[in-house]
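Reviewing the structure listed below.
The values are calculated or read from the model by the stated rules, or taken from the named source; none is laboratory data. From a predicted model like this one, the values you see are computed outputs, not experimental measurements. Glycine also receives a Cβ, built like all others from the backbone with ideal geometry; neighbour counts cover every protein chain displayed.
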Amino acid sequence: MIFSERLKKEREKRGWSQADLAEKIHVSRQSVSKWETGKNYPSIEVIIDLSDLFGITIDEMLRSDGELKEKVIRDSKNLAYPKWKAFFDSVFLLGAFLLVAKLIIMGLNHFAGMDVIIPEGLPKILSNFLPLALMVIGGIVADQLKTKYIE
């Protein structure tokens, strides 16, 4: 039995409405509804409260629903290098910003007949490929760091 079915069965067994259950665990009725329809899952703290309230083990609630089990595992992990991940996400965004700026300048020059120039001091290779290089490097490293967790 998956989590949503188990939750609804346990609630109905006690004759509680969704609002009754929500009040007992201090969440909104809409949250309970989303859990029962499988649109969302509760946090591990709420799962503990539910297992206490229903008098069943957390294992009984989690084991049957692989997706919920994966969510709880994912939520419990901490990134090993969160600051480096944020840094390389920023590098990616900087590259994207520079690329968009370059495209806007090229568009203005071509379609609007303007003569906006990129500073002369920059080598052509740098102004042409820097945004792409930043996006590629930032994206690859950030993607690798998002799967590195503290053990």
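In region 36-56, what count of residues is obtained for those that are acidic (Asp, Glu) and over 18 Å from Arg14 (Cα atoms)?
Filtering region 36-56 for residues acidic (Asp, Glu) gives 36, 45, 49, 52.
If we keep only those that are over 18 Å from Arg14 (Cα atoms) as well, we get 45.
Residues that pass the stated criteria total 1.
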>> Among the numbered criteria (1) charged (D, E, K, R); (2) closer than 21 Å to Ile73 by Cβ; (3) more than 22 Å from the chain's Cα centre (by Cα), which one does Lys34 miss?
In response: (3)
>> Just the residues that are free of Cβ contacts under 8 Å to residues at least 24 places away in the same chain, closer than 12 Å to Phe3 by Cα and part of a helix (DSSP H, G or I), please, taken from region 33-54.
In response: Lys34, Ser51
> Exactly one of (1) touching a helix residue (DSSP H, G or I) at 6+ places or on another chain (Cβ under 7 Å); (2) under 26 Å from Tyr41 (Cβ atoms) is unmet by Asp59. Its number?
Replying inline: (1)
>> touching a residue at least 24 places away in the same chain (Cβ under 8 Å), out of contact with any Asp or Glu (no Cβ under 8 Å at 6 or more places or on another chain) and assigned to a helix (DSSP H, G or I): which single residue out of Lys24, Lys9, Lys69 fits that description?
In response: Lys24
> So which of Leu98, Leu132, Leu103 ends up being at pLDDT 85 or above, surrounded by 15 or more Cβ atoms within 10 Å (Cβ to Cβ), out of contact with any strand residue (DSSP E or B) (no Cβ under 8 Å at 6 or more places or on another chain) and not aromatic (Phe, Trp, Tyr)?
Replying inline: Leu98
>> If I filter region 109-129 down to residues being under 36 Å from the mean Cα position of the chain (by Cα), surrounded by 11 or more Cβ atoms within 10 Å (Cβ to Cβ) and of a type in the set (A, V, I, L, M, F, W, C), which single residue comes out as nearest to Asp89 (Cα to Cα)?
In response: Phe129
